[in-house]
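Take a look at the structure set out below.
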Amino acid sequence: GRALNDLQVKSVTHEFYMARALHLARQAYYTTRPNPRVGCVLVKDGQVIGEGAHQRAGEPHAEVHALRAAAGRAQGATAYVTLEPCSHFGRTPPCADALIQAGIAHLVVAMQDPNPLVAGQGLARIAAAGIQVTSGILEDEARELNQGFVHRMQTGQPWVIAKQAMSLDGRTAMASGESQWITGPEARSDVQRLRAESCAVITGVSSLLADQSRLTVREGPWLAQTGFMQPTRIILDSSLRTPTDAALFQDAAPVMLVACAQAAQRHPERVEALVGAGAEVVLQPRRCDERIDLHALLNQLGQRQMNQVMIEAGAALSGAFLQAGLIQQLYLYMAPQFLGDAARGLLSLPGVVQLQQAAQVRVQDVRAVGRDWRFTLLCEHQ
Ligand code: AOF
Ligand code: ZN
């Protein structure tokens, strides 16, 4: 074999410490929202002298945790950070200034901060202080780690995932609606994980009524983590049909009902009863009669700083989101059984009449989850 040259050794070293910083960031995967997941490692003379990760919004950023751990020894060190250090006063002061004051010699980042309040200014300030700056180390991994945050910063809307379960013949339920437990326990645990990483779970009032859904996170290690937040349960209920004794009101997790203004005007008593039951009733910004404007809804959720939302709905609502081009990723669980052609289909796509109108997706991943199979599908919109 051939020895690596100096440049190769340098880049392997950068990747080594950046991988460590990504690992630290991932340990706070379920608790930083609406903030991004960020990790930081400080290295001096080949030794890690401090490291840390951002844990919860309002608490110190990754760099501050690492600098505290280094306890004044950061002079001349290299700082590895999975995201560009911030340059603004948010809930906490700028990390760029903290790194400059600590006297680091070299900053290595995976990616720029897409937050328009930062967007390159953190790197510029650090470079202007005479510190060497290297960026783009393990950038793909860092982007994927904060897929939701990055998407919200770029579009103003959350990253939207949808989950559905189907049989080998693409059916979701019997004609009667009977559907519980198509997939096995491993697939259901996997869905708990998707809920846990989402800021909200969205469904329609008809699924809610048919399935008595609770839409909460009920199992998994994240439940024990300080700062873990249950996703908001969002019910699209244009005419306010949700009963005040619906199953989801038994859990403390937040409930948001999205309705049309006309329904609220016609039935102020329903609004009052639902608010009394613990729901927040959100009206669509523009008047709507029966159909919730899904694009406007996602803008509302983006304004509420939701990085990722998850759709767990029936064929009509999931199909409407897909046809509107509003789903980024579809998680499809396939159970090894046939339900036959009397059973219900997966997605209602009334706009698709000809083959060339078919909704195209890209298969990102396929794997066994217990006795079921999970397809991760990327919906690429042009
Ligand atoms: C960093 N390091 O660990 C994180 C950063 O309200 P604040 O003060 O917490 O600021 C939140 C913003 O700071 C967030 O939107 C993102 O732009 C950046 N997050 N920056 O230097 C970190 N979590
Ligand atoms: Zn910061």
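General observations
- Computed from phi, the 3J(HN,Hα) profile of region 137-145 under the Karplus parametrisation 6.51, -1.76, 1.60 (θ = phi - 60°) reads 7, 6, 4, 4, 5, 5, 5, 5, 4 Hz, with x in place of Gly and Pro.
- In this structure the chain gives 48 Å² per residue of accessible area when probed at 1.4 Å with all protein chains present.
- Summary value for the chain: 16 percent relative contact order, contacts being C-alpha pairs under 8 angstrom separated by 6+ residues.
- In percent, rounded to a whole number, the relative contact order of region 211-279 is 34, using alpha-carbon pairs under 8 Å and six or more apart.
- Under 5 Å, built H, 5+ apart or other chain: amide partners of L257: I235, E280, V281, V282
- Stretched out straight at 0.36 nm per residue, the stretch from Q265 to D45 would grow longer than its current Cα-Cα span by 72.4 nm.
- For the pair region 194-212 and region 289-363, the centres of their Cα atoms are 13 angstrom apart.
- Under Karplus coefficients 6.51, -1.76 and 1.60, residue-wise ³J(HN,Hα) of region 91-99 in Hz, glycine/proline x: 6, 9, x, x, 6, 4, 5, 4, 5
- Distant-in-sequence amide contacts of V108, defined by a placed amide H-H separation under 5 Å and a gap of 5 or more residues or a different chain, comprise A79, Y80, V81, T134.
- When the Cα gyration tensor is reduced to axis lengths a ≥ b ≥ c, the ratio a/c is 1.5 or higher for the chain, and with a/b above b/c it is classed as prolate.
- Tensor-based shape of region 82-139 (alpha-carbon gyration tensor, a/c under 1.5 rounded, otherwise prolate or oblate): oblate
- Tilt relative to the chain, helix 185-196 - C-alpha long axis, 0 to 90 degrees, to 10: 70 degrees
- Relative contact order, whole percent, for region 290-349 stands at 45, derived from Cα pairs under 8 Å and 6 or more residues apart.
- Residue by residue, region 351-357 carries 3J(HN,Hα) couplings of x, 8, 10, 10, 3, 5, 8 Hz when phi is fed to the Karplus relation 6.51 cos²θ - 1.76 cosθ + 1.60 (θ = phi - 60°); x denotes Gly or Pro.
- Among beta bridges identified by DSSP and lying wholly in the chain, the antiparallel ones come to about 40 percent.
- Principal axis analysis of the Cα atoms in region 227-323 yields extents of 34, 32, 27 Å, listed in decreasing size.
- With every protein chain in place, the chain: carbon and sulfur % of accessible area (1.4 Å): 50 percent
- Structure-based [θ]222 nm, the chain - -39500 (n - 2.57) summed over DSSP H runs of at least 4, per residue, nearest 500: -8500 deg cm²/dmol
- FRET efficiency, 1/(1 + (r/R0)^6) with R0 35 Å, evaluated for N299 and D140 via beta carbons: 0.80
The values are calculated or read from the model by the stated rules, or taken from the named source; none is laboratory data. This structure is a prediction, so every number in the text was calculated from the model and none was measured. With ideal geometry, Cβ positions are generated from the backbone for all residues, glycine too; neighbour counts draw on all protein chains shown. For accessibility, only protein heavy atoms count, side chains too; no ligands or nucleic acids. Shrake-Rupley method; radii C 1.70, N 1.55, O 1.52, S 1.80 Å.
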